[in-house]
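> One structure follows; several queries about it will come next.
The values are calculated or read from the model by the stated rules, or taken from the named source; none is laboratory data. Treat the numbers as computed from the prediction; the structure is a model and nothing was measured. Methodologically, a virtual Cβ is constructed for each residue, glycine included, from the backbone with ideal geometry; neighbour enumeration extends over all protein chains shown. When the accessible area is computed, the model is the full protein with side chains, heavy atoms only, and any ligands, DNA or RNA have been set aside. Shrake-Rupley method; radii C 1.70, N 1.55, O 1.52, S 1.80 Å.
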Amino acid sequence: MNIGLDFDGTFTAAPELWKAFISLAHESGHKVYIVTCRTDSEENKADIADQSGLKPYRIYMTSGSAKSWYCEQVRGVKMDLWIDDNPQTITNGI
């Protein structure tokens with residue numbers, strides 16, 4: 001299963017919980033991606049990688065675009081599950 005996890009306001013609200021979740025998900029054969037509306041930059045990617053422990057290739061920054069569109073059309077990855085404190089960004093962006 002591909003899981004899209006929001007960063008700001010979701011991961012950052014409980015980082016230890018989400019680190020444990022990411023680890024367990026990976027051990028169970030699932031893929032977790034951080035998907036954020038942040039602007040795509042090396043600084044943002046490094047910040048998120050440091051905090052989440054995820055490899056940079058699993059961090060998608062949509063620069064405000066709808067997250068589902070970006071993942072599917074730009075990255076070729078369809079998420080099976082979304083976890084987001086602001087769900088309208090999944091289909092509408094910001």
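> Just one of (1) of a type in the set (Ser, Thr, Tyr); (2) surrounded by 12 or more Cβ atoms within 10 Å (Cβ to Cβ); (3) part of a loop (DSSP other than H, G, I, E, B) trips up TYR33, so point out which.
(3)
> Just name the residue that is farthest from ASP40 (Cα to Cα) out of those in segment 53-94 that are of a type in the set (Ser, Thr, Tyr) and in contact with a helix residue (DSSP H, G or I) (Cβ under 7 Å, 6 or more places away or on another chain). Steps first, answer last, please.
Start the filter on segment 53-94 by keeping residues that are of a type in the set (Ser, Thr, Tyr), which leaves 57, 60, 62-63, 65, 68, 70, 89, 91.
Imposing the further condition that a residue be in contact with a helix residue (DSSP H, G or I) (Cβ under 7 Å, 6 or more places away or on another chain) reduces the set to 60, 62, 68, 89, 91.
On the way: TYR60: 8, THR62: 7, SER68: 16, THR89: 16, THR91: 19 Å.
Here the answer is THR91.
> So, in segment 38-67, exactly how many residues are open to solvent by 30 Å² or more (accessible area, probe 1.4 Å), part of a helix (DSSP H, G or I) and more than 17 Å from ILE22 (Cβ to Cβ)? Steps first, answer last, please.
Within segment 38-67, the first condition is being open to solvent by 30 Å² or more (accessible area, probe 1.4 Å), and the residues that meet it are 38-47, 50-51, 53, 55-58, 63, 65.
From the residues that got through so far, the ones that are part of a helix (DSSP H, G or I) too are 42-47, 50-51, 56-58.
With more than 17 Å from ILE22 (Cβ to Cβ) added as a condition, the list becomes 42-44, 46.
Summing the residues that are open to solvent by 30 Å² or more (accessible area, probe 1.4 Å), part of a helix (DSSP H, G or I) and more than 17 Å from ILE22 (Cβ to Cβ) in segment 38-67 gives 4.
> Now a separate question. Which residue pairs have Cβ atoms closer than 9 Å, lie 6 or more positions apart in sequence or on different chains, and pair a first residue in segment 72-94 that is more than 20 Å from PRO56 (Cα to Cα) with a second residue that is modelled with pLDDT under 95?
Close Cβ pairs (under 9 Å, with a partner that is modelled with pLDDT under 95) amount to ASN86/ILE94; GLN88/ILE94.
> Going residue by residue through segment 1-21, is there one that turns out to be in contact with a His (Cβ under 8 Å, 6 or more places away or on another chain) and open to solvent by 70 Å² or more (accessible area, probe 1.4 Å)? Show your work before the answer.
Of all residues in segment 1-21, those in contact with a His (Cβ under 8 Å, 6 or more places away or on another chain) come to 1-3.
This time we only want the ones that are open to solvent by 70 Å² or more (accessible area, probe 1.4 Å), so: 1.
The answer is yes; a qualifying residue exists.
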